[in-house]
Structure formats: C-alpha cells, structure tokens
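**Student:** Starting off with a structure, shown below.
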Amino acid sequence: MSSANPRIKPANARTRLYVVLCMLGLASSALVVRAVDLQVVRKDFYQEQGDARYLRDLAIPVSRGTIFDRNGEPLAVSTPVESIWANPSEVLEHADRIGELAKATGLDEDALKQKLIERSDKEFIYLKRHLNPDDAQAILKLDIPGIASQREFKRYYPSGEVIAHVLGYTNIDDRGQEGLELAFDDWLAGKPGVKRVIRDRMGHEVENVELVRDAQPGRDLTVSIDRRIQYLAYRELKAALAEHHASSGSMVILDVPTGEILAMVNQPSFNPNARTNVDPSYRRNRAVTDVVEPGSTMKAFTISAALESGKWKPHTPVDTTPGSLTLAGGWTTHDVHNKGLIDVTGVITYSSNVGAAKIALTMTRDHMWDVYHRFGLGEVTGSGFPGESPGFLPIAKAWGPVEQATIAYGYGLNVTPLQLAQGYATIANNGRLRSPTFVKGAQNPDRAVIDPEIAAQMRKMLETVIVPPGGATKAQVRNYVVAGKTGTSRTAAGGGYNKKYVSLFAGMIPSSAPRLVGVVVIHDPQGAYYGALVAAPVFGKVMEDAVRLLDISPDNVQNWYTAAPDTGHTVRTGRQAPDGPVDMSNVDDGVPEE
Amino acid sequence: MIAFRNVFLSLLLLATIASAIALVYAIQQSRLAFIELSKLGNERDDLNFEFGRLQLEQATWAENNRIEQIARGRLAMVSPNAAATVVIKR
C-alpha cells in the first residue's frame, strides 16, 4: 500500500465516491425513516404527549339541587365557596413567601412547609377548603406563585337540627352521606361538565378549545316534610324528653290521604351545618332505623284480626278476672288492675293484656301473622330511606301459645316508629295500606288490607282510649275527636327485660275522617313512664297546632249549624281536657311484671 | 376544451380558497360564541348562587324558633284558645 500505484488511483477515487454516496444515501434515508416514524408511525403518542403539556380537560363544577319542603321553603341549599390549592414545587421555588402564605391561610408555617415538601411530586394539593369568597380573594391578592383557588360548593341547612335526621348530610365533596341526601344523591348531584382548554406554563387558561360535556346541574327535590309541623314536633318532643329526663325519642306524622311524611323528628339531634365529630348515635334517624317493642299499641292490630276472624264483635264480652292468665308452661300474664268482665272495646280502652291474650288464643297463629303482616309489620315500609329496618315479626310456625299471647299485646316482636305509623294510617285510611313516602306528590297507590267496616269499628274503639274512663286524656285536642292507643314496653337487653321503659302513643285525628296519624316513642323516661302520661301529651300538643296550620275541619262541624245556621258559633264539645290531675287508675298499659 | 378545463380548475381553486377562509371564519365565530356562552353561563350561575344565598338568608330569618321567640317574647302573642275560636260557615 505504501508504493502508490497511479493505475489504482481512479478506481480508488470511485470507490470513495460510492462510499460517500452510500453514506449520504443511508443518512438521508435514516432521516426519512425517522421522520416517517415520528410523523406517521408514532404520531399518536407524540401528539398525546404534546397535548398533555398544554391541553387540559377541566371540570365545570355544578351545584347540588336545593331541597324544598312541601310549601317551597328551602331546607338544604348549596352555595359556592372557594378552596385554595397549591402546586407544591412551584411554591417551594419561592420558599421565602411561605411565611406570608402561612399567615394568610392561618396554617402553621413549619407544618405547611413540611406538607409542601412531602407532596412536591404532586401538582395539586388543597391548602384550605371551603373559604368564603372574600377570604379566598384576600389570599389570591398576595399573588404568591403556584397558589390558586377553585370553586366548590358547601351545603347549608337553615333549619339545622330540626330536620337533620331526615335530610342527612353531605361530605366535603358535596356527595350525600346519610338520609335523603344519600337516597336521592344521583338526582340532586347532577353531572359536572368537562371543557378542554389550552393552558400556558403558568397555568393560565389561554383558550377554550371545546365543550367536551355540558354541565348538568343537580335537580331540585321537594320533600313531603312540612317545616312548620316538623318544628312543632321537634319542639314538643324535645320538651317532653327534658321533662321526663328521657334518653331518646322519635315522632312521626303521616298525611293519611297521601301517605306523605309531614314530620319526622328524633332526639337527640345534631347540627348538620357543623362537620364536627358528634356521637354517631345522634345522627341515626331512629324513627326509621331503630326498632322498639310496640307494647299495647299492638292491640289495635290484634283486635282487627279478632274482628276479621268473625268470632268477636266490639261488644262481645271478655272475662279478664282475676287480672292474670297462666298459660301452659307456667307463663303468667298480668293486668295492672283487675277489670273483671269487660267487652272487646274495653280490652282496648283499659289496655287489658289478659283480654288481648284470651282473644288471641281463640285465633289461629297463621291468621294473626297474616293480619300483622298485612299491616306492614316485619317488612320495610318502602319509604326508600337508607338503612331502614324491617323490624322483626317471628314466623307463625315459631309461635307457641306463649308467643301467640305475648305478641298479641306487643311483646316478642319489634317495629320501627314509621311502621307503627303506617299500620295506624291503614286503620285511618279505611283499611287501605299506603307506603309512607318522603317525596311530595309522588304516585303512591294504596291497597286494601283490611275490611273498611273493621277499620271504622277500630277507630270507634280507639276513640274510647282518649276520653275517660280511658287513660290517654292528654292526647285530646279541643273540638276534635282523637282516636289512638297508648303503649308502654320494657326494653329488652341481655336476654331479659330490664327496668328501662319505652312510652308509646299512636293516634289519628280527626277520627271521623282521619287526616293525620301521629306516633310518639319516648325511650327511658324517668319517674312516670306510662305512654298515657309521657307520649300521649306530645301527640295532643303537636296536633292541636297542626290541625290549625293545615286547616283541618273539626269533626261533625256540620251538626253545629243546625241550631243557629247563620251565626258564627263558638265551638264547645264535651271532650275537654281535665285541668286537674289525671285519674291514674286507667293510664296503665299492662306493663308485664316479672 | 382546454379553456373549459382551465376555467373549471380555477373555479375549484377559488372554491377551495373560499372554503378555507370560511373555515377560519367559522372557527373564529365558534370561539366567540363559546366565550359568550361561558360568560352567560357564569352570569346565570352567579345569579343562581345569589338567589340561593338570599333563600338561605330568608330561611334563616324565618326560622320557626326565632319567629316563635319574637312572637311570644317580644310581642307577647298567644295562640287562640278554643273559647276564642269561632267557626264561620261558608
């Protein structure tokens, strides 16, 4: 190679030329290949990566629907609030301003710095949520890089704890957690919209590209609750609990013609506007989730079954002497007072356990179970309330004579206050059962479960409980005829009955054409514990104002004009509540003694 | 024949240019309309929020407990009792 051969030179030059051309050709085809790869083969990937750096899909927040009461009063309203958020790495680049930021947001400076460092790989953290817009504006005015605000919604409940259990509450993201807020969450929440925008490096929106999905605001909900009656029930129940030092209680008021729940209150209650940690038991809607043994209020259903069996009429005599009844197996049922020979109506009036047990034992257990079941016991009412309890009605096959007798006067089964109200509303509605509902104006058909004649006879019998010699005179409402039944039961605990009592009252008004059904349940009253003394007065006080608010005509109002047709007539009836002490001998409800 | 083809081609060219300009114009219009829509949407939302706040305020003032306390306490009002009730026939 060292001795240059001039003859080889041109060939050498040509080889070089080819080599160079090849190299150039390879290089350019490499470029073309790369270009095709970028522009065609992997276009989607790079397009996506590029878009991801400046295109953003932003959520358009929507407000949650308002909940109105049946008269259009707002019960739950969402209003916008501002939440301050930060891009940690960007804030940390200007670490000198963290002190200023901490002061403005009211956070601890070291804790804030710590939080920013821990989350520095994220692009978004909340610093402070749900500020009122003016406070948020003040923080934004500091113009600290990486700090921005976002609109969110907070729910306010102007009625506070009065309707807290029924409405439930939402979490910090405004989603329903309990009560109707949960049951109707999809209806109320709406769907946040999505818009695509171009953002610059600083996070400013430069251009709206398109609307990906239109925002669908939450729809409003009109519930069946009447705020005024709800408040009445709340006030009277709370007062009764304080007076009797009771531990908890519930009241339900149903509108008989529609099955709508006009009021549902529980004590103790909570403030749904404060998200502080309260005892979870305060948040339970006891009227729907908690069960209670119905005690003597059960007798209305037992006697309905007896009338249906055809073996008993309202005036068929029942001998309750000597005030106790021993069944096979040694179980003895007691009446508090020996009433001797009474009739079926008297069993209701004096709440005789012996009478109820004797009547029950003449029926088949299948028939009794069937009637109870038709009244809605042992099954959820269909109100749709989250966490509703079905109560407990043992199957007829499991009943021995003792169970048959005790269930007849309300022991050995349990019901929710709402179920009890539904059962009494069936008697009030001429034997037609209608599921209670929380929604105003919903399609709510009823179905016949008991003969209208029997329902009418039952109402007549229940009227005797409210006037002497019946014990529940405190449930009276002037000018109106009330029908109802008291109950007192012991709470079952640890396999037996302890010394804690439950006072109940279930009633309807006006008895001749019932409009309202009310159920009062008070747990663990101290001192007096009979339903007639603890629960019945709450019914009387609430209904007195409720009939006025709802413009319900008194019973037999037409008859008053026969004497003086053209003059206004001051209403007087013989059924005036005694001002003196109640005759204590007839307020008992046959509480079982051990 | 050739003249006809030229006229046809230039017509197509003009149509293409016109449609390109129209496209740009339409996009611009759609952006303006979108901005207008967002503005009006925001305005509607703000009015709704204002309405909600006013409803809340009204509900707070009209809270039953507050009304009752003022009526019974400050104004010494009472519910009419049965003797004071007159039923009027219509």
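The values are calculated or read from the model by the stated rules, or taken from the named source; none is laboratory data. No experiment lies behind these values; they were computed from the predicted model shown. Cβ sites come from the backbone with ideal geometry, for glycine too, and all protein chains shown count toward neighbours. These area figures cover heavy atoms from the full protein model, side chains too; ligands, DNA and RNA do not enter into them. Shrake-Rupley method; radii C 1.70, N 1.55, O 1.52, S 1.80 Å.
**Student:** Kindly give the semi-axes, whole Å and largest first, of the ellipsoid equivalent to chain A, taking each as the square root of 5 times a Cα gyration tensor eigenvalue. Can you show the working numbers first?
**Tutor:** On the way: eigenvalues 1098, 156, 106 Å².
The three semi-axes for chain A are 74, 28, 23 Å.
**Student:** Follow-up question, since we're still on this one. Rank A:Leu188, A:Ile225, A:Val36 by how far each Cα sits towards the positive end of the charge dipole of the protein assembly as shown (+1 on Lys, Arg Cβ; -1 on Asp, Glu Cβ) and give me just the farthest.
**Tutor:** A:Val36
**Student:** Sorted by mean Cβ packing within 10 Å, highest first, what order do the peptides A:167-178, A:256-267 take?
**Tutor:** Details: A:167-178: 18.8, A:256-267: 25.3.
Final packing ranking: A:256-267, A:167-178.
**Student:** With charges only on Cβ, +1 for K and R and -1 for D and E, what is the dipole size of the stretch A:373-453 about its Cα centre, in debye, rounded to 20?
**Tutor:** Values: 6 positive and 6 negative charges, 34 e Å.
Dipole of the stretch A:373-453, to the nearest 20 debye: 160 debye.
**Student:** Taking +1 at the Cβ of each Lys and Arg and -1 at the Cβ of each Asp and Glu, which of A:Leu237, A:Gly176, A:Thr416 sits farthest along the dipole of chain A towards its positive end, judged by Cα position relative to the Cα centre?
**Tutor:** Result: A:Gly176, furthest along the dipole toward the positive end.
**Student:** State the Cα centre-to-centre distance between the stretch A:259-301 and the stretch A:78-111 in whole Å.
**Tutor:** 42 Å
**Student:** In addition: Order the following by accessible area, largest value first: A:Glu123, B:Glu57. Probe radius 1.4 Å; ligands, DNA and RNA are ignored. Don't jump to the answer; show the numbers that get you there.
**Tutor:** Details: A:Glu123 120, B:Glu57 95 Å².
Ranked list, largest accessible area first: A:Glu123, B:Glu57.
**Student:** Taking Rh as the Kirkwood radius computed over C-alpha pairs, what is the Stokes-Einstein D of chain B at 10 °C in a medium of viscosity 1.306 mPa s, expressed in µm² per second?
**Tutor:** In µm²/s, the coefficient rounds to 76.
**Student:** Ranking request for peptides A:341-350, A:286-295: highest mean number of other beta-carbon atoms within 10 Å first, then the rest in descending order.
**Tutor:** Highest to lowest by the protection proxy: A:286-295, A:341-350.
**Student:** Something else about it: Which parts of the stretch B:20-38, residue by residue, lose 40 Å² or more of accessible area when the rest of the protein chains are there, as against the chain isolated (1.4 Å probe)?
**Tutor:** Checking the loss per residue gives B:Arg31, B:Phe34.
**Student:** Quick one: if the Förster radius is 35 Å, what FRET efficiency do B:Asn65 and A:Ala528 give, using the C-beta to C-beta distance and rounding to 0.05?
**Tutor:** The pair B:Asn65/A:Ala528 has a calculated efficiency of 0.80.
**Student:** For A:Leu516, enumerate residues with amide H under 5 Å from its amide H, sequence gap 5+ or separate chain, H modeled in the peptide plane.
**Tutor:** A:Val256, A:Ile509
**Student:** If you average over every viewing direction, what projected area does the convex hull of the Cα atoms of the stretch A:412-507 give, in nm²? Intermediate results must be reported in sequence, preceding the final value.
**Tutor:** Values: hull surface 34.4 nm².
If I average the Cα hull's projected area over directions, I get 8.6 nm².
**Student:** Quick one: 3J(HN,Hα) in Hz for the stretch B:56-62, Karplus 6.51/-1.76/1.60 with θ = phi - 60°, rounded, Gly and Pro as x.
**Tutor:** Per-residue couplings from phi come out as 4, 4, 4, 4, 5, 5, 8 Hz.
**Student:** A follow-up question, please. Amide H to amide H, which residues 5 or more places from A:Arg490 or on other chains are under 5 Å from it, using H placed in the peptide plane?
**Tutor:** A:Val502
**Student:** Which whole number in µm²/s is D for the stretch A:310-401 by Stokes-Einstein, with the Kirkwood Rh taken over Cα pairs at 4 °C and 1.567 mPa s?
**Tutor:** 86 µm²/s
**Student:** What whole number of Å gives the distance from the Cα centroid of the stretch A:303-358 to the Cα centroid of the stretch A:384-441?
**Tutor:** The stretch A:384-441 and the stretch A:303-358 have Cα centres spaced 21 Å from each other.
**Student:** Mind grabbing the accessible area of A:Lys122 for me, 1.4 Å probe, Å², rounded to tens?
**Tutor:** Roughly 100 Å² of A:Lys122 is accessible to a 1.4 Å probe.
**Student:** In addition: Given a 1.4 Å probe and the protein chains all in place, what does the accessible area of A:Ile395 round to, in Å² to the nearest 10?
**Tutor:** So the heavy atoms of A:Ile395 present about 100 Å² to solvent.
**Student:** Sticking with this structure for a sec: Just the accessible area for A:Leu549, please: 1.4 Å probe, Å², rounded to the nearest 10?
**Tutor:** Counting only protein heavy atoms, the figure is 50 Å².
**Student:** Please list the non-local residues whose amide H lies under 5 Å from the amide H of A:Val449, H modeled 1.01 Å from N, same-chain partners needing a gap of 5 or more.
**Tutor:** Close amide H contacts, sequence-distant or interchain: A:Arg432, A:Leu433.
**Student:** Provide the per-residue ³J(HN,Hα) series for the stretch A:133-138, in order, calculated from phi with Karplus coefficients 6.51, -1.76, 1.60 and θ = phi - 60°, each as a whole number of Hz, with x at glycine and proline positions.
**Tutor:** x, 5, 5, 5, 4, 4
**Student:** Using the charge dipole of the protein assembly as shown (Lys, Arg: +1 at Cβ; Asp, Glu: -1 at Cβ; taken about the Cα centre), state which of A:His165, A:Leu325, A:Ala215 has its Cα farthest towards the positive end.
**Tutor:** About the Cα centre, the residue reaching furthest to the positive side is A:Ala215.
**Student:** Do any of A:Lys195/B:Lys39; A:Lys311/A:Lys397; A:Lys103/A:Lys141 go past 19 Å between their Cα atoms, and which?
**Tutor:** Where the Cα-Cα span goes over 19 Å, the pairs concerned are A:Lys311/A:Lys397.
**Student:** Something else: With θ taken as phi - 60° and the coefficients 6.51, -1.76 and 1.60, list the Karplus ³J(HN,Hα) couplings across the stretch A:409-421 in order, rounded to whole Hz; mark glycine and proline as x.
**Tutor:** The phi angles translate into 10, x, 10, x, 8, 9, 9, 8, x, 5, 5, 4, 5 Hz.
**Student:** For the A and B pair, go ahead and give the buried accessible area with a 1.4 Å probe, both sides summed, in Å² to 100. Don't skip to the end; give the middle numbers.
**Tutor:** On the way: alone 28320 and 8780 Å², together 34620 Å².
Chain pair A/B: roughly 2500 Å² of buried accessible area.
**Student:** Determine the order of B:Phe34, A:Phe539, B:Phe51 by accessible area, beginning with the largest, at a probe radius of 1.4 Å. Walk me through the numbers on the way to the answer.
**Tutor:** Working: B:Phe34 30, A:Phe539 0, B:Phe51 120 Å².
So, going from the largest accessible area down, we get B:Phe51, B:Phe34, A:Phe539.
**Student:** Still on this structure, please answer the following. To the nearest 20 debye, what is the magnitude of the charge dipole of chain A about its Cα centre, counting +1 on the Cβ of each Lys and Arg and -1 on the Cβ of each Asp and Glu?
**Tutor:** On the way: 64 positive and 68 negative charges, 362 e Å.
Once rounded to the nearest 20, the dipole reads 1740 debye.
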